[in-house]
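Visitor: Pasting a structure here, questions to come.
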Amino acid sequence: MASGHVAFVSFPGYGHIRPTLAIVDELLARGHRVTYLVADRFADDVADTGADVVTYHSSFPEPVPSPPDLVRMTIEFIRESFAPLRPALARFDPDPPDLIVHDALVSDTAGILSRKYGVPTVRTFPGFGGNEQVPLNGAETRPGEQALDPNDPLLVRFGSELTDSLRALDMELLAGQQLAAGANPAHNLVFVPAAFQPMVDAFDDRFTFVGPCLRRSELNAEWTPPDAAKPLALVTLGTSANQSPEFFRTCARAFESVPWQVVMTLGRSMDPAVLGALPANVTAVNWVPHLAVLRHASVFVCQAGSGSLMESLYRGTPVVVVPRSPDSFALAERVVELGVGRMLDADRLTADQLVHTVLAVAADPSIKARVAELRRAVRAAGGASRAADELESRLRRTVSVAG
């Protein structure tokens, strides 16, 4: 088919950006152009693909505001959803895209661009998919949680500021249409397999469950365990809510008298030295290619992030999940429901509890069998290649009409 111009609009979290990078690789290899709008702090991650990178300043807080601070959380998400708009207009007015791919959390800029340039959008979900019947990652209002008051002074003031900024861009009308219509993408890509999605029968053919989208560099990475004769546990808290030295110290204590080897990845911003002296069988590093380590791992201890879970299932490694955020609780509950691992309470975690759970998971034949089933589902889902096929099918219609 004729080459097309695809625009990506991302949310500023590595777990949201990462699965799209393999799709960008695939589209570029097929001869398409890709322009990627990304928060400035993730520019280097995207530039590695060879896409045209357009950065914007993101003030989205890390970590994400907790649900009890509902007003602030709502304001931050809406602000982020509009943050890429000004640089997007500057980039695309002289060279509009043929298709817009956007994260589920940044629908507003994508919707405005779609209306301005008359092109379709495809929405992406890094974890569970969501629709009218299925709340996104368990994000429904929980019992006892106060509903959002639209007349809250902070919301009213923010709404006025947002209106003024949109008016200055001559985008007030299009933004109003977008907010009134909500997200209405031509298609949806979900980065988990259908077998992992709760209430999957509630989704129609507008949703494609492509599973994890992994780059060739990730799949081909190699790593050699320090002692191949000993079972291995990989431990991580992901890339965002990972600032918990005491969690990693607890993990180290858990295995100090057990004939296992342990690799802990701390993320970019924690110095391994803050953990102090570690047992000889425990290694702490900022980063190591997880897919390469999981080739050798017996159990993966993680925060139940969707990326970590998909890596583990791709390699066929059972998990012990220690969720710490609302979306990870929903994913952790699904892990237990599907029988591919066990869940522990982060606030009550002890070294004895952790090591006993890891040993139990590693020895459980029913967990191994369920992990093997999910591994087959993950690998059959299609990944980046299937995602690119879906995008090309939308591009084909857009480019042929434009031509």
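Visitor: Sort out which residues of the stretch 258-317 are of a type in the set (Ser, Thr, Tyr), in a loop (DSSP other than H, G, I, E, B) and more than 26 Å from Phe196 (Cα to Cα), and write them in order of number. Don't jump to the end; show me each part of the working.
Guide: Taking the stretch 258-317 as the starting set, the residues that turn out to be of a type in the set (Ser, Thr, Tyr) are 265, 269, 283, 298, 306, 308, 312, 314, 317.
Now drop any that are not in a loop (DSSP other than H, G, I, E, B), which leaves 269, 298, 317.
Within the stretch 258-317, just Ser269 meets the criteria.
Visitor: Have a look at Phe125, Phe92 and point out the one that is at pLDDT 90 or above, under 30 Å from Ala330 (Cα atoms) and either hydrophobic (A, V, I, L, M, F, W, C) or touching a Lys or Arg at 6+ places or on another chain (Cβ under 6 Å) (or both). Before you say what the answer is, go through the steps one by one.
Guide: Values: Phe92 fails: under 30 Å from Ala330 (Cα atoms).
Of the residues listed, the single one that is at pLDDT 90 or above, under 30 Å from Ala330 (Cα atoms) and either hydrophobic (A, V, I, L, M, F, W, C) or touching a Lys or Arg at 6+ places or on another chain (Cβ under 6 Å) (or both) is Phe125.
Visitor: Do we have any residue at all in the stretch 128-137 that's over 26 Å from Ser306 (Cα atoms), modelled with pLDDT under 90, open to solvent by 40 Å² or more (accessible area, probe 1.4 Å) and part of a loop (DSSP other than H, G, I, E, B)? It would help to see each step written out before you state the result.
Guide: So in the stretch 128-137, the residues over 26 Å from Ser306 (Cα atoms) come out as none.
No, because not a single residue in the stretch 128-137 is over 26 Å from Ser306 (Cα atoms), modelled with pLDDT under 90, open to solvent by 40 Å² or more (accessible area, probe 1.4 Å) and part of a loop (DSSP other than H, G, I, E, B).
Visitor: Can you tell me how many residues within the stretch 172-189 are modelled with pLDDT under 70 and assigned to a loop (DSSP other than H, G, I, E, B)?
Guide: Counting residues in the stretch 172-189 that are modelled with pLDDT under 70 and assigned to a loop (DSSP other than H, G, I, E, B) gives 2.
Visitor: OK, next. Only one of (1) open to solvent by 10 Å² or more (accessible area, probe 1.4 Å); (2) closer than 13 Å to Ala233 by Cα; (3) out of contact with any helix residue (DSSP H, G or I) (no Cβ under 8 Å at 6 or more places or on another chain) fails for Val293. Which number is that?
Guide: Condition not satisfied by Val293: (1).
Visitor: Would you mind stating whether Leu354 is under 19 Å from Gly339 (Cβ atoms), surrounded by 16 or more Cβ atoms within 10 Å (Cβ to Cβ) and in contact with a Phe, Trp or Tyr (Cβ under 9 Å, 6 or more places away or on another chain)?
Guide: no
Okay, residues lined up against (1) at pLDDT below 95; (2) out of contact with any Leu (no Cβ under 6 Å at 6 or more places or on another chain); (3) open to solvent by 70 Å² or more (accessible area, probe 1.4 Å); (4) under 20 Å from Leu234 (Cα atoms):
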residue: Ala332; (1), (2), (3), (4): no, yes, no, yes
residue: Val335; (1), (2), (3), (4): no, yes, no, yes
residue: Leu338; (1), (2), (3), (4): no, yes, no, no
residue: Ala346; (1), (2), (3), (4): yes, yes, no, yes
residue: Ile367; (1), (2), (3), (4): no, yes, no, yes
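Visitor: Being under 18 Å from the mean Cα position of the chain (by Cα), open to solvent by less than 50 Å² (accessible area, probe 1.4 Å), modelled with pLDDT of 95 or more and within 21 Å of Ile17 (Cβ to Cβ) narrows it down to one of Val106, Val101, so name that one. Can you show your working first?
Guide: On the way: Val106 fails: modelled with pLDDT of 95 or more.
Result: Val101 is the single residue among Val106, Val101 that is under 18 Å from the mean Cα position of the chain (by Cα), open to solvent by less than 50 Å² (accessible area, probe 1.4 Å), modelled with pLDDT of 95 or more and within 21 Å of Ile17 (Cβ to Cβ).
Visitor: Would a scan of the stretch 49-57 turn up a residue that is open to solvent by 50 Å² or more (accessible area, probe 1.4 Å) and farther than 26 Å from Thr398 by Cβ?
Guide: As a first pass, look at the stretch 49-57 and keep what is open to solvent by 50 Å² or more (accessible area, probe 1.4 Å): 50, 52, 55, 57.
Filter again for farther than 26 Å from Thr398 by Cβ, leaving 57.
Yes, the stretch 49-57 has at least one match.
Visitor: Cβ-Cβ distance below 7 Å, separation of 6 or more or different chains: which pairs start in the stretch 315-334 with a residue that is within 22 Å of Leu291 (Cβ to Cβ) and among the charged types (D, E, K, R) and end on one that is at pLDDT 95 or above and open to solvent by less than 10 Å² (accessible area, probe 1.4 Å)?
Guide: Pairs that qualify, where the first residue is within 22 Å of Leu291 (Cβ to Cβ) and among the charged types (D, E, K, R) and the partner is at pLDDT 95 or above and open to solvent by less than 10 Å² (accessible area, probe 1.4 Å), are Arg315/Leu291; Arg315/Leu294; Arg334/Phe196.
Visitor: Sticking with this one: Please enumerate the residues belonging to the stretch 2-22 that are within 14 Å of the chain's Cα centre (by Cα) and among the aliphatic types (A, V, I, L, M). First the steps, then the outcome.
Guide: The initial filter retains those residues of the stretch 2-22 that are within 14 Å of the chain's Cα centre (by Cα), namely 9-22.
Correct list: Val9, Ile17, Leu21, Ala22.
Visitor: Would you confirm, using the coordinates I've provided, whether Arg324 is among the basic types (Lys, Arg) and within 17 Å of the chain's Cα centre (by Cα)? Show your work before the answer.
Guide: Details: among the basic types (Lys, Arg): yes; within 17 Å of the chain's Cα centre (by Cα): yes.
Yes, satisfied.
The values are calculated or read from the model by the stated rules, or taken from the named source; none is laboratory data. Since this is a predicted model, take the numbers as computed values, not measurements. FYI the Cβ positions are ideal-geometry reconstructions off the backbone, even for glycines, and counts take in every protein chain you see. Please note that ligands, DNA and RNA were not included when accessible areas were found on the heavy atoms of the full protein model with its side chains. Shrake-Rupley method; radii C 1.70, N 1.55, O 1.52, S 1.80 Å.
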